[in-house]
Amino acid sequence: MSSDPEGSEILADRPRVKADILPDLASLPPNTLGHQYAAFMTRNNISPDSRTEVRFVDHPELAYVMTRYRETHDMTHAVFGQPTTIVGEVLVKWVEALQFRLPMCAGGAIFGPLRFKPKQREQYNSLLPWALDQGQNAKFLLNVYYEKRWEQDIDEFRKEFNISLAPPS
């Protein structure tokens, strides 16, 4: 993050994603990143405040990076158009594992499919190549200063960050 201008700014400012921003984001035009994120959170009855605090990381900057990862995980779901189903979760974990190289992401990506039922496995197998491509080719998502981009058109955001939605499965 420190080698990217936007990532460096995030590390310097240490913004937090909290539930109190959701009403304002929901009032933005429907085609904006902020509105799409707020709609995703509302639709799935999720709060960014429900994430547990980072523990066992003594270095303040690394603890913040882990906090940022946790607080933006649902943003990843929203920008990739992935639901909070087990299949959607595992696909997002593949994107995050390839992007962030965090063991917990890789573990979820590798071991999550063990719980799939046959129909879920079929859907997953059809979408896995897309998730692997996105993880390798989308721009590094931890360098996104979402708070400065809430009003950005979601399609322009996806184009800028080389993100495509999954093909129909």
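The values are calculated or read from the model by the stated rules, or taken from the named source; none is laboratory data. Everything numeric here is computed off the predicted structure, so don't read it as measured data. All Cβ positions, even for glycine, are placed from backbone atoms using ideal geometry, and neighbour counts span all protein chains on display. In case anyone asks, the SASA skips ligands and DNA or RNA and just uses the protein heavy atoms, side chains included. Shrake-Rupley method; radii C 1.70, N 1.55, O 1.52, S 1.80 Å.
A few notes on this one:
- Test: residue in the stretch 70-83 that is touching a His at 6+ places or on another chain (Cβ under 9 Å) and at pLDDT 90 or above: yes
- Boolean, residue 147 is more than 11 Å from the chain's Cα centre (by Cα) and either in a helix (DSSP H, G or I) or charged (D, E, K, R) (or both): yes
- Residue 78 of a type outside the set (Asp, Glu) and farther than 18 Å from residue 37 by Cα: no
- Listing of helices (runs of 4 or more DSSP H) fully contained in the stretch 58-136 that carry 2 or more residues being in contact with a Gly (Cβ under 9 Å, 6 or more places away or on another chain) and surrounded by 17 or more Cβ atoms within 10 Å (Cβ to Cβ): 60-80, 86-100
- If the condition is being touching a residue at least 60 places away in the same chain (Cβ under 8 Å) and part of a loop (DSSP other than H, G, I, E, B), then the stretch 30-48 contributes only 31.
- Screening residue 55 on (1) free of Cβ contacts under 8 Å to residues at least 12 places away in the same chain; (2) open to solvent by less than 10 Å² (accessible area, probe 1.4 Å) shows it passes everything except condition (2).
- Any pair with Cβ under 7 angstrom, 6 or more apart, that starts in the stretch 106-134 at a residue that is without any contact (Cβ under 8 Å) to a residue 24 or more places away in the chain and ends at one that is of a type in the set (A, V, I, L, M): 106/97; 108/90; 109/90; 109/97; 113/90
- Of all residues in the stretch 144-169, none that is without any contact (Cβ under 8 Å) to a residue 12 or more places away in the chain and open to solvent by 50 Å² or more (accessible area, probe 1.4 Å) has its Cβ atom under 7 Å from the Cβ atom of a residue that is in a loop (DSSP other than H, G, I, E, B) and not charged (D, E, K, R), 6 or more apart or on another chain.
- Tabulated pairs, the stretch 78-95, first closer than 18 Å to residue 30 by Cα, second open to solvent by less than 50 Å² (accessible area, probe 1.4 Å) and in a helix (DSSP H, G or I), C-beta under 6 angstrom, 6+ apart or interchain: 78/37; 78/40; 82/88; 82/91; 82/92
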